[in-house]
Amino acid sequence: MFFSRITLHDDARGAGDFHQAFRSGYGLHQAVWQLFADHADRERDFLYHMQAASGPPVVYALSRRRPLASRLWQAETMAFAPKLNQGMRLGFFLRANPVRTREGKRHDVVMEEKHRLKTQGMPRQKWPLEAELVQEAGEKWLSARAEKAGFRLHAVRADGYRQHEFRKPAGRQPVRFSSIDFAGLLEVVDTEIFWQEALCRGLGPAKGFGCGLLLVRRA
C-alpha cells in the first residue's frame, strides 16, 4: 500500500483541466479519481480524504498503486506498512457517511434520529441540540462497526455533520450523501482485521467521494 499527500502544482491554473476540476464539487472529486485511473474501466482501489475548507485542497490517499503523474496535482508518496500490535492505542480522524441499511435502503443516522423524535411526538423545542444528536448518533454508528473492524473506541468526538450534493454532467441525477467528522482514540484489538477492514477497506459508504479513510497516528 502507498500513502500520499497530494497538493496542487504551483502553476496548476495553467493546466488544461484546472477550470473543469474546480467548476463543481463533483469535478474536483473526479480530478482526484484521474490520479488513479490508468485505464477506462479501472475499479476504485484507493481511499482518500480531501481538506478543502479554506485555501487550495490537500488530499490524503491510501492506494494499492502510486498516483499517476499530473499537470494539476503533485504527490508526496511513501510505502505504507505500519507495525501494528494488539493493544496499541492510536489517535484517529475519519470522515464517514454514517448510514444504516434497512430493506435495501440507506438511512442517514442523524436524520433517522430526528425522524424518531418526530414520530414519538416530542415537540421540536424539546429536542436535543443538533450537536448532541450528531454526537450520539455518530458515536453509536462508529461503535457498532469497531469490533468487526478490529478495534475498540476509547474516546470519540463526532461533529462537522454536513449534507453534500454533487451535480453530475449531462443532466444525471445528483449525488446526495451526508458526512460526519470523527476524531478520538482507539485501541487495536485484532491487527489483521484492523489492517484489512479499517485501514485498507475503509469504513462506511461514499468512499468515491472522500469518505471512509481512517487516518491514524501514534497516541
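Quantify, in whole percent, the carbon and sulfur part of the accessible surface of the chain (1.4 Å probe; protein heavy atoms only). Before the final figure, lay out each step's value.
Values: 6120 of 12790 Å².
That fraction is 48 percent.
Cα gyration tensor of segment 30-88, axes a ≥ b ≥ c as square roots of the eigenvalues: rounded (a/c below 1.5), prolate (a/b > b/c) or oblate?
Details: a/c = 2.13, a/b = 1.35, b/c = 1.58.
Taking the square roots of the gyration eigenvalues as a ≥ b ≥ c, segment 30-88 is oblate.
How would the chain be classified by its alpha-carbon gyration tensor: rounded, prolate or oblate, with rounded meaning a/c under 1.5 and the a/b versus b/c comparison settling the rest?
oblate
Hey, in the GNM for the chain with a 10 angstrom Cα cutoff, which one of 75, 170, 52 fluctuates hardest?
Looking only at 75, 170, 52, the biggest GNM fluctuation is shown by 170.
What angle do you read, to the nearest 10 degrees and between 0 and 90, between the alpha-carbon axis of helix 130-146 and the longest principal axis of the chain?
Long axis of 130-146 versus the principal axis of the chain: about 80 degrees.
Could you report the chain's accessible area per residue, 1.4 Å probe, as an integer in Å²? Present the calculation step by step, with values, prior to reporting the outcome.
Details: 12790 Å² over 219 residues.
Here the residues of the chain average 58 Å² of exposed surface.
Can you flag which of 105/207; 83/140; 140/207; 105/140 are past 24 Å Cα-Cα?
Table pairs above 24 Å Cα-Cα are 83/140.
Of the candidates 173, 196, 163, which one comes out as most mobile in a Gaussian network treatment of the chain with C-alpha springs shorter than 10 Å?
Highest fluctuation among the options: 173.
Which residue fluctuates most in the GNM of the chain (Cα springs below 10 Å): 64, 95, 172?
Of 64, 95, 172, the Gaussian network model singles out 172 as fluctuating most.
Normalising by the residue count of the chain, find the relative contact order in percent from Cα pairs under 8 Å and 6+ residues apart. Let's see the in-between values first.
Working: 397 pairs, mean separation 59.7, N = 219.
The value is 27 percent.
The values are calculated or read from the model by the stated rules, or taken from the named source; none is laboratory data. Keep in mind it's a predicted model, so treat the numbers as computed, not measured. Just so you know, the surface numbers come from the protein's heavy atoms only, side chains and all, with ligands and any DNA or RNA stripped out. Shrake-Rupley method; radii C 1.70, N 1.55, O 1.52, S 1.80 Å.
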